[in-house]
Amino acid sequence: MASKRVVPIAAMLLCGSLLAANAQEQEKSATASAAISAKDLTREQFQALAPDAVIEINGERITKRDFQARNVKAVEESAEQLRDLRARSLAEFEARRKAVTDKRKAALAEANKKVEDEIHRLVAADAAMYGPNWEVRKKQAAELLHQAEGAAPTERSALEKQAADLLAPSAR
């Protein structure tokens, strides 16, 4: 008699579990079919969706809230990468700018050195050609010519002759 009660109870439990499993499967398929394709949505429709609404994007099912959170995170990461890229670019630019500036300064210093050497060579050649105290004599001649500009004609010719004598090459 106990076996007569056990079999119907076991059959009922088995049917109940099958019904429960079937109900869960239908609920999942209903949820799956409740996913809205993102391709079909306009911007206004998307904004009108509830935060828990499930949307399908490229075969992935995701809630609107998760989708927006993921997009906000991606934008923040992109902004951070942009700041890093900008800082790195500015640092590289400054390094290249400094290298170019240093190179130009070195080239200018070298050119200036060559000019100074040439000036010294020419001054030495003049001193050798015009004799000792050439620089002092040039200054004296310039002063005499400046005085001659404001002097009387007779005095002017005397001052100009003195200046010419000072500027004449010395005979060795």
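Bear in mind that the values in this text are calculations on the coordinates, not laboratory data. As the structure is a computational prediction, the values presented were derived from the model and not from experiment. Positions of Cβ are generated from backbone atoms using ideal geometry, with glycine treated the same way; all protein chains shown enter the neighbour counts.
In table form, for the structure just shown:
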read-out: Gained length - residue 72 relative to residue 168, 0.36 nm times residue gap less alpha-carbon distance; value: 25.7 nm
read-out: Cα gyration tensor, the stretch 35-97 - rounded (a/c under 1.5), prolate or oblate; value: prolate
read-out: Sorted peptide list for 37-46, 59-68, criterion being average Cβ within 10 angstrom, highest first; value: 59-68, 37-46
